[in-house]
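To start, the structure itself, in structure tokens.
The values are calculated or read from the model by the stated rules, or taken from the named source; none is laboratory data. These figures come from a predicted structure and were not determined experimentally. Here the Cβ is made from the backbone with ideal geometry for all residues, glycine too, and neighbour counts use every protein chain on show.
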């Protein structure tokens with residue numbers, strides 16, 4: 001039984017590899033997760049989950065490149081699992097996950113180190129109507145409050161709330177159509 | 001009531017915005033409700049405070065995508081998506097423990113310990129527990145400084161060995177070069193005394209230091225520790241840690257080699273020598 005298993009230390013060559021895996025990828029995994037949840041609390045929680053899963057289940061036979069793809073895969077499924085709980089999606093429905101924006105396992109080859117959410121944001125901004133682009137730039141890229149954004153755009157605060165809602169909705173539609 | 005006023009003004013705004021918007025924008029407002037604007041703004045405000053947002057009501061997939069878009073755009077805020085150094089250090093310690101107790105097959109243990117699922121889904125409580133563990137380990141480490149790998153009860157290398165890290169020609173006087181062996185990350189320097197090497201693991205909690213060429217210091221990203229190029233804590237370092245351990249070097253066939261000692265024996269007799277005795281992190285000399 002499990003409890004009878006002797007404590008087996010990881011093979012000699014494995015420990016530094018896992019440490020290197022962490023050192024080299026923690027920032028990229030965090031960035032990836034953050035782009036999916038948008039706040040530090042959850043990003044830290046999920047990043048921890050990703051690496052704990054990774055050290056518990058990593059297949060030592062993999063080469064470095066393949067371990068990185070696999071790590072990214074763990075990150076994706078961890079985020080998908082989180083979304084499923086957050087949005088109360090039906091369990092075990094891959095369609096729901098895909099509908100909810102999960103990109104699925106096929107892109108696992110994407111390199112975790114080169115993942116750049118900013119690029120995707122820029123691309124989306126470029127394809128939005130001017131006012132949508134402006135409101136999102138003020139609110140998110142420049143981190144302005146509703147009030148500051150309202151002043152900048154000569155709108156009421158309530159207008160800004162409407163506009164940012166529509167801008168994000170539009171961006172989501174464009175993004176979804178692209179993928 | 002604030003909420004009511006909010007709703008009223010948003011309702012008006014929705015209409016005004018709709019009126020003043022051009023065709024393609026107006027088409028987007030189909031089936032919107034005032035609550036949608038307010039709820040999304042509440043969500044965004046939580047993201048901007050970097051807090052876990054409250055769970056939304058059940059929504060359609062296209063609605064969830066709008067929320068996910070908010071997360072994506074939030075990650076483009078200045079500095080938003082960089083991990084906090086303290087978090088990185090804590091997780092490192094957590095993983096360190098995890099690796100040391102790693103089993104060949106991990107299944108949720110029925111009796112003792114915490115189930116894997118419990119750990120993975122425990123959210124805040126698991127995170128808090130992890131943080132507690134990390135703090136405990138951190139204190140241990142601080143009193144017995146060692147690089148991260150050395151903390152393991154597993155020998156990293158069975159016997160000491162010399163490893164080539166850079167060609168002599170590629171390292172002019174004054175140059176500093178990072179090297180990575182299977183077991184050690186460090187820096188080799190060409191000084192007036194010859195080639196010298198240092199461990200790249202901060203003596204505080206084992207974060208990997210980076211060479212800051214303009215300042216000629218090794219800087220630790222985790223807690224801001226800074227070391228002079230000879231490995232001593234810099235006088236201007238916000239925290240003064242033990243010096244970075246030196247690693248013995250030699251030149252062989254045009255290559256600078258570093259000596260990676262067997263673990264558990266940080267000061268083996270063969271490391272004695274006029275240049276670069278291997279020193280433990282606590283600063284003791286290697287000469288018995």
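For the range A:50-77, enumerate the residues that are modelled with pLDDT of 85 or more and either more than 15 Å from residue A:18 (Cα to Cα) or under 10 Å from the mean Cα position of the chain (by Cα) (or both).
A:75
Give the range B:80-93 a look and list any residue that's within 7 Å of another protein chain (Cβ to nearest Cβ), free of Cβ contacts under 8 Å to residues at least 60 places away in the same chain and not in a loop (DSSP other than H, G, I, E, B), or say none.
If the condition is that a residue be within 7 Å of another protein chain (Cβ to nearest Cβ), free of Cβ contacts under 8 Å to residues at least 60 places away in the same chain and not in a loop (DSSP other than H, G, I, E, B), then B:87, B:91 are the ones that fit.
Using the structure shown, decide if residue A:159 is closer than 23 Å to residue B:79 by Cα and within 9 Å of chain B (Cβ to nearest Cβ).
Spelling it out, it is not the case that residue A:159 is closer than 23 Å to residue B:79 by Cα and within 9 Å of chain B (Cβ to nearest Cβ).
Per-residue answers, yes or no, for (1) within 24 Å of residue A:22 (Cβ to Cβ); (2) in a loop (DSSP other than H, G, I, E, B):
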| residue | (1), (2) |
| --- | --- |
| B:214 | no, yes |
| B:218 | yes, no |
| B:224 | yes, yes |
| B:236 | no, yes |
| B:241 | yes, yes |
| B:244 | yes, yes |
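From the residues in the range B:56-79 that are crowded, with 17+ Cβ neighbours inside 10 Å and more than 7 Å from chain A (Cβ to nearest Cβ), which one is farthest from residue B:220 (Cα to Cα)?
Checked the range B:56-79; the qualifying residue farthest from residue B:220 (Cα to Cα) is B:63.
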